[in-house]
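Below is one structure, written out as structure tokens; the observations come after it.
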Amino acid sequence: MPSLPDMNATNVEELALRAAEQQHHDPHVQNVDLKPAFFDWLCRMGDNALIAGHRLSEWCGKGPALEEDIALANTALDLIGHAQMWLGLAAEVEDESRDADKLAYLRDAMRFRNVQLLELPRGDIGETLMRQFLFDAWHHAMLSRLTDSSSPRVAEIAAKALKEVHYHLERSSDLVIRLGDGSEESHRRMDAALALYWPYTGELFESDGVDKAVIAEGIAPDPEDLRATWDETVGEVLREATLEVPEAKGHVHTGGRSGRHTEHLGFLLAEMQFLQRAYPGASW
């Protein structure tokens, strides 16, 4: 059994701090050359979770049934918690005295890096559940790969988030099947929701210089490598829901990952960021 340090020693606090630093040491965080791309990529992960979580939070108190109302609120809280972890690490990488809150509440729309799919208005419950399912299928595939990231910090966040996203995917899949293979009206609505959101899904699998930089360092997978898993998951659920997979590949609406957004994000941020914009630095 290894010997323990003398807990009465004067340097015990220093030893504890050093141990904590070693446990969380991540060479990528201090990599100056990688900083711009790593920061941008972390914001993409964080912004996806934040904007998806905010859209789901809009259902709080308005769900079609009490159980669904609570489930949507819980999923929103999960995603906002994930956003806090990703944006917190992004702020650490940036090293410019910002934290997760400042990145969430004090950036303008053009600085956000979420995919356009997630910023669209929440629509009816069928649209909300279809969009959530399409995102959950991608999110689960991405986090599963990130648990093997060369970045210990990224792998740690992914492992924590994956436990919750596994439930998100299970739940949204079940509801898409139940509504798609339900009544004539529910089937019609889910089919319309699928047609609405499908053209936005292609952006989930695009790659650019940011992706190439983090791929080269072994931090994240190539987004295109997630497509086969996503196709399989989505195809299986849609078949069981008696919904046809659209023939188009879904590369119509893109640009969110580089800051080109729909008009809807501006309205979302005006609501989400109001308190910090009106009362900078306000705290409870």
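The values are calculated or read from the model by the stated rules, or taken from the named source; none is laboratory data. Source: prediction; values computed, not measured. Methodologically, a virtual Cβ is constructed for each residue, glycine included, from the backbone with ideal geometry; neighbour enumeration extends over all protein chains shown.
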Return the pair list, or none, for Cβ contacts closer than 6 Å from residues in segment 273-284 that are in a helix (DSSP H, G or I) and at pLDDT 90 or above to residues that are among the hydroxyl-bearing types (Ser, Thr, Tyr) and surrounded by 10 or more Cβ atoms within 10 Å (Cβ to Cβ), at least 6 apart or on different chains. 276/105
Considering only segment 112-165, state which residues are closer than 20 Å to residue 90 by Cβ and in a loop (DSSP other than H, G, I, E, B). 112, 113, 114, 115, 119, 147, 149, 150, 151
Which numbered condition in (1) touching a residue at least 24 places away in the same chain (Cβ under 8 Å); (2) within 23 Å of residue 112 (Cα to Cα) is the only one that residue 192 fails? (2)
Given the conditions (1) within 25 Å of residue 208 (Cα to Cα); (2) of a type outside the set (Lys, Arg); (3) modelled with pLDDT of 95 or more, which single one is not true for residue 95? (3)
Please go through segment 208-250 and give me each residue that is at pLDDT below 95 and of a type outside the set (D, E, K, R), ordered by number. 245, 246, 248, 250
Just one of (1) surrounded by 13 or more Cβ atoms within 10 Å (Cβ to Cβ); (2) under 18 Å from residue 133 (Cα atoms) trips up residue 228, so point out which. (1)
Identify the residue in segment 56-75 that is charged (D, E, K, R) and assigned to a helix (DSSP H, G or I) and, among all such residues, is surrounded by the fewest Cβ atoms within 10 Å (Cβ to Cβ). 67
Whether any residue in segment 76-96 is out of contact with any strand residue (DSSP E or B) (no Cβ under 9 Å at 6 or more places or on another chain), part of a loop (DSSP other than H, G, I, E, B) and closer than 30 Å to residue 186 by Cα is what I want to check. no
Identify, from the list 74, 114, 31, the residue that is at pLDDT below 95 and among the polar types (S, T, N, Q). 31
Residue that is without any contact (Cβ under 8 Å) to a residue 12 or more places away in the chain, within 29 Å of residue 122 (Cα to Cα), among the charged types (D, E, K, R) and surrounded by fewer than 20 Cβ atoms within 10 Å (Cβ to Cβ), where the choices are 236, 206, 240: 236
When residues of segment 94-110 are filtered for being within 18 Å of the chain's Cα centre (by Cα), touching a residue at least 24 places away in the same chain (Cβ under 8 Å) and farther than 15 Å from residue 267 by Cα, how many remain? 3
Can you find even one residue in segment 191-200 that is within 26 Å of residue 150 (Cα to Cα), in contact with a helix residue (DSSP H, G or I) (Cβ under 8 Å, 6 or more places away or on another chain), among the hydrophobic types (A, V, I, L, M, F, W, C) and surrounded by 16 or more Cβ atoms within 10 Å (Cβ to Cβ)? no
